[in-house]
Amino acid sequence: MAQTHYLYNIKNPLRRFRVDVYRGPALSMIVMFIFVVLLDLVSPTGFTQADLTYTASGGASLALAAIGQTLVVLVGGFDLSGGAIISFVNVVLATNLEPGTASSVSWVIAGLLIGTFFGAANGLVVAYLRVQPVVATLSTMFVAQGLALLVLDKPGGNVPAPFSQFFLGSLFDGSLPMPLVIVSLALVGWALLKNTRFGTYIYAVGSDRDAAGQRGINVRFVTFTAYALAGTAYGAAGVFLTAQTASGDPLIGAPLLLQVFAAVVIGGTRLGGGRGGCVGSAVGAYVLILIVNVLLVFNFSSYYATIAEGLILIFAASGHSSSDLPRTNWLDLASIWGRRRPAKNQEISVIPRSDKVHGLPGFFQRNADVLRYTMPAFVCLGIIIAIQAGLYGHVGLSYLNSQITLASFLIILALGQGTVVLTGGLDLSLPWAICLSGLLFTDWTQGDAASTIWAIPAVLLVGAAIGMLNGFGVVGLRLPAIVVTLAMNGILQGVALLYCNGTPSGMSPEFVHWIMTGRVLGFSPVSWLLILFVLFGVVLLGQTVFGRRIYAVGNSVRVARLAGVNVGVTIASAYVLSGVCSALVGILLAGFIGQASLGMGDEYLLSSVAAIVVGGTLITGARGKYIGMVGGVLLLTALQTVLASSSLPEATRQIVFGAVMLAAVVTLRDA
Amino acid sequence: MRREMATRMLLAAALSIVSLCTLSLPVRAEEPIKVFLSMSFVGNQWQEEAANTIRAMAASKKYKEKVTFEVQVAGPNAQKQIQQINAMVQAGAKAIIVYPISPTALNQAVKAACDKGVTVVAYDGEITEPCAYNVHIDQAEDGRVGAQWLADYLKGKGNIVMITGVAGTSVDSDRVAASKKVFANYPEIKIVAEANGMWGQQGARTALSKIVAAHPWETIDGILMQVGCYTAASMQDEAGIPDDKKIPCAGEQSQGHRIQMLPSGTKVEGTSGTYRPMGYPSISYSVPASQGAIAFKVAMDVIDGKNPPKTTIVPIKPVKMGEVRICETGSWKEMDEGCNVFKPTVVTDPGFMSGIYTSLTPEIGLAAALHGSPEE
């Protein structure tokens, strides 16, 4: 155990252990307790045994998945494949289970093994092929989702009743629900693991990879195993879900994606690794599922529900400030709130990961690193275009035009999202920031070209305000970015629906419609404007003080601060930029469609992250060039176009998409 | 110390609010029964309209005094909907109307609800648990009608593009399978591309843009879209294709689509851009949003001791070229007499789903779908 503390302390010598270690689970338990007491007081029947029973099963698969995700997050990873793996396990079991104990037992084992297999595949690609976790697991997500659709193209399957009864039953005369037993078993497994040498290694690797390696820890093996075990947990979640729903549904796991992250963060585990644990995540999962009951009891109906859910999410996470952000004088709000304290831990203990500085001239030599991670996207783009030409005979002006026009949204979003990611954050509020902006724009202009003069700046200001609020949450309230922006997305959704009362009104002005769909010298006007935008982005991130500050903050908050960078303002302005980009996309998307439509931003969340990462950006921040992100966007758009033009079934398309994306990025491995 | 004080004050405040809530509960001789709606997505046009028709039905003269009606949202997450249904049962629901996220995943929760005497009615989607009541269209018929019209219009010959819904859902696979079965009868019809349009205009436009990049308009003879014929016509307009050359399209009931089906040059107030009459060769069938209202009625019938059928199939009412009629006010009576699209001055959003009418729901007119207000 002495070793634990030694390794633990590498990063943060002054940490008060014990209190800190149990803070995460303790806080999430307090939140859960508050919820239960609230439900008990407010609901007419109180929180009964029946409520306990169904809640126990309702949150179990999310809890199991969150336990798996926690392992990955603890070693400094990120796993997007959990939901799809759960779906795949679910459909395999639902189509194969037969009555009888033998079948049940063997398929439970098979489910766990399938999960482990996918997890191991993630681990292999991340640890040994050195591909970024986001890309590796995103590819796995597409492949697993595609396979799930191949097994079952629509909900169905059959699960024997005893199988469900076993997992949903209870012990000790009905007083202890079986799902709680299962989740507890998983947590006992975690407790055992944590107290072995391997458990220590997990924290060591997550805290400081290099230091752990120098201590003789096999970093790759530890990372690999964490992913594989996470897979086992997803397998368990899939098995449980199969019992709970007594059927198979190829889409059942997909919505768990963001929920799992929310559960992990509410449970006090820090994204980036090294701090937290599975107990908090499991409790976090139950907090999330109890939100449903809280909303019901207080009758937050439809439009207000997402707003209330967002606020509850922030409340639930409010105990966990992200400790790597300093208390800054961000608009001096912190000091007004009396939360400002003298900064501690000022020792510089983190070596910046920045690109090596070469003193030598020569473009290629100077930019070798940059080229190495931005070029592959462009090379792959060339290959894809060649394939398109080979398959459909010609790659004409109209093909290129549609590619650039379709890519324009993501190219703009990539600047905002990319900048946020470079600072080490993530903006999940894009979908409804886009949608709300589009709604406001069409409503304010009502198709009138003259009013665009004030409407466009006004909408961009709204975007900036959204970004400002995100920035305030992340910097001022020091909350995890995922929680703040996820909550913001829900709040914006509610606001958008309340504003338009469920039915968008107004049209996009003809002028904006023309920008997206008209032609100037063979290309849509937006294509030409995009050249300016990309130039702006490249200069902004590459040549300005702002850009240098962004990279500095992403490299190391502490070093940046000592170098005189106002970290808070820098981070907040990244979110503001993202908000403005979202607003701009909202305007253009409304122009593209002709009016605003509900949910029109939804598809841009995951794809914005995928594109910037494929373009060579490191999801943990600091590394990445805007031009590379643009390459990533063009590559993914071209790939989707090839697939959409084919008559391949959707399942196969998803598998191909995932596989190609991975293959494209394997060349991106950083040495 | 200060913190302790604050905590106490908060607790006191919370307690007083709770007790106020309890005190202000209305006491009535005949307790109204509790009816819940568990809807899925907020943020989809059709879903909004369907929920509005249920609100309208609950607020109609017949039911207003008898029920308290509450709406909850589960989003796309089946786990949440399961939890929600369970919680609604605990909260004393007599009936739960559900837009089911999955036809199978809710079965256990629904069974548990039925066992406690709660009536569960699903609309649009289906719940396969036998104790549930279902209100939906015949999905296979939906897929068949559009495909058959297109095959007939093309005289059994040509290249077809299919824009489908969300892969992996029962509704989508049933529709697509039925459409393909029709096309299989015509060896000279070829499906050249197929993509998911996600049942929204934005998805439809993105999918179609990608397809057109490889298959130019002049190589396509017909389009089958679950949602988005309006988008298809608009894109052709932008590409400079004149009205008499527009590619025939079979699809659902969007307002803009039906306006485009009016003969080219028809004078209609409030039209602009591509939201205008263009003599679009097309069929537009309804997936009525009033299915939600019917589900509410079914639930009330069960509670009143009537014996409604377990499954209500709502007819899809295809509208062909030459059958489009503009409603003056959009009242149910008017729709009953045969109008099927609304004035662009009243419904400015061409993405609005205009197929509201069913013969079973005289309480539901345009105002119901827009604002949840029942007909007088």
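Points worth noting:
- Count of segment B:242-289 residues which are at pLDDT below 95, β-branched (Val, Ile, Thr) and more than 19 Å from the chain's Cα centre (by Cα): 4
- Residues considered: B:Ala195, B:Ala207. Of these, the only one that is modelled with pLDDT under 95, of a type outside the set (D, E, K, R), farther than 18 Å from B:Gly156 by Cα and part of a helix (DSSP H, G or I) is B:Ala207.
- Tally of residues being surrounded by 22 or more Cβ atoms within 10 Å (Cβ to Cβ), of a type in the set (Gly, Ala, Ser), assigned to a strand (DSSP E or B) and within 14 Å of chain A (Cβ to nearest Cβ) across segment B:269-291: 0
- Pairs, first within 30 Å of A:Gly473 (Cα to Cα) in segment A:491-516, second crowded, with 23+ Cβ neighbours inside 10 Å and of a type in the set (Val, Ile, Thr), C-beta under 6 Å, six or more apart: A:Gln493/A:Thr306; A:Gly494/A:Thr306; A:Leu497/B:Val42
- Residue in segment A:441-448 that is within 14 Å of chain B (Cβ to nearest Cβ), among the acidic types (Asp, Glu) and in contact with a strand residue (DSSP E or B) (Cβ under 9 Å, 6 or more places away or on another chain) present: no
- Positions within segment B:158-172 being surrounded by 24 or more Cβ atoms within 10 Å (Cβ to Cβ) and either touching a Pro at 6+ places or on another chain (Cβ under 6 Å) or without any contact (Cβ under 8 Å) to a residue 40 or more places away in the chain (or both), in sequence order: B:Gly168
- Subset of segment B:323-333 [touching a residue at least 24 places away in the same chain (Cβ under 8 Å) and under 21 Å from B:Pro263 (Cβ atoms)]: B:Val324, B:Ile326, B:Cys327
- Test: residue in segment A:139-148 that is away from every other protein chain (no Cβ under 14 Å), assigned to a helix (DSSP H, G or I) and of a type in the set (Val, Ile, Thr): yes
- The strands (runs of 3 or more DSSP E) found entirely in segment B:61-143 that carry 2 or more residues being facing chain A (nearest Cβ under 7 Å) are B:67-73.
- The residues listed here are A:Pro504, A:Pro525; of these, the one that is crowded, with 21+ Cβ neighbours inside 10 Å and not hydrophobic (A, V, I, L, M, F, W, C) is A:Pro504.
- Condition met for B:Ile189 (among the β-branched types (Val, Ile, Thr), within 28 Å of A:Gly438 (Cβ to Cβ) and more than 8 Å from every other protein chain (Cβ to nearest Cβ)): no
- Residue in segment A:159-175 that is assigned to a helix (DSSP H, G or I), buried (at least 16 other Cβ atoms within 10 Å of the Cβ) and of a type in the set (Phe, Trp, Tyr) present: yes
- Any chance A:Thr55 is within 28 Å of A:Ala211 (Cβ to Cβ), hydroxyl-bearing (Ser, Thr, Tyr), out of contact with any Lys or Arg (no Cβ under 9 Å at 6 or more places or on another chain) and buried (at least 24 other Cβ atoms within 10 Å of the Cβ): no
- Some residue of segment A:146-155 being touching a Lys or Arg at 6+ places or on another chain (Cβ under 9 Å), touching a residue at least 12 places away in the same chain (Cβ under 8 Å) and not aromatic (Phe, Trp, Tyr): yes
- When the residues of segment B:230-251 are filtered to those that are touching a residue at least 24 places away in the same chain (Cβ under 8 Å) and away from every other protein chain (no Cβ under 14 Å), the one that is nearest to B:Gln139 (Cα to Cα) is B:Gly251.
- The lone exception for A:Val297 - which of (1) without any contact (Cβ under 8 Å) to a residue 40 or more places away in the chain; (2) at the interface with chain B (Cβ under 9 Å from one of its Cβ atoms); (3) more than 29 Å from B:Ser170 (Cα to Cα); (4) not aromatic (Phe, Trp, Tyr) it fails: (1)
- Count of residues meeting criterion [within 10 Å of chain B (Cβ to nearest Cβ) and in contact with a Pro (Cβ under 9 Å, 6 or more places away or on another chain)] in segment A:246-290: 9
- Condition check for A:Ala237: more than 10 Å from chain B (Cβ to nearest Cβ) and over 22 Å from B:Gly168 (Cβ atoms): no
- Among the criteria (1) within 11 Å of chain B (Cβ to nearest Cβ); (2) closer than 30 Å to B:Ser272 by Cα, the one A:Gly463 does not fulfil is (1).
- Some residue of segment A:152-172 being away from chain B (no Cβ under 14 Å), farther than 30 Å from A:Ala663 by Cβ and of a type outside the set (Ser, Thr, Tyr): yes
- Qualifying residue in segment A:237-251 (condition: in a loop (DSSP other than H, G, I, E, B), free of Cβ contacts under 8 Å to residues at least 12 places away in the same chain, in contact with a helix residue (DSSP H, G or I) (Cβ under 6 Å, 6 or more places away or on another chain) and under 30 Å from B:Leu106 (Cβ atoms)): no
- Residue satisfying all of: in segment A:368-415; within 16 Å of A:Leu634 (Cβ to Cβ) and among the polar types (S, T, N, Q); surrounded by the most Cβ atoms within 10 Å (Cβ to Cβ) among these: A:Ser408
- Wholly enclosed helices (runs of 4 or more DSSP H) of segment A:256-362 bearing at least 3 residues at pLDDT below 50 and more than 28 Å from A:Gly77 (Cβ to Cβ): A:333-336
- Check on A:Ser607, on the phi < 0 side of the Ramachandran plot and either more than 14 Å from chain B (Cβ to nearest Cβ) or in a loop (DSSP other than H, G, I, E, B) (or both): no
- Applying a threshold of 7 Å to beta carbon distances and a minimum spacing of six or more residues, or different chains, the list of pairs starting in segment A:26-49 at a residue that is surrounded by 16 or more Cβ atoms within 10 Å (Cβ to Cβ) and ending at one that is hydroxyl-bearing (Ser, Thr, Tyr) reads A:Met32/A:Tyr286.
- Of all the listed residues (A:Thr242, A:Thr196), the sole one being within 14 Å of chain B (Cβ to nearest Cβ) and farther than 28 Å from A:Ala305 by Cβ is A:Thr242.
- Of B:Glu31, B:Glu49, all but one fail to be of a type in the set (D, E, K, R), out of contact with any Phe, Trp or Tyr (no Cβ under 7 Å at 6 or more places or on another chain), at negative phi and facing chain A (nearest Cβ under 10 Å); the exception is B:Glu49.
- Given (1) at the interface with chain A (Cβ under 7 Å from one of its Cβ atoms); (2) without any contact (Cβ under 8 Å) to a residue 12 or more places away in the chain; (3) over 27 Å from A:Ala596 (Cα atoms), number of the condition B:Thr206 does not satisfy: (3)
The values are calculated or read from the model by the stated rules, or taken from the named source; none is laboratory data. Computed from a prediction, not measured in an experiment: that's the story for all the values here. Glycine also receives a Cβ, built like all others from the backbone with ideal geometry; neighbour counts cover every protein chain displayed.
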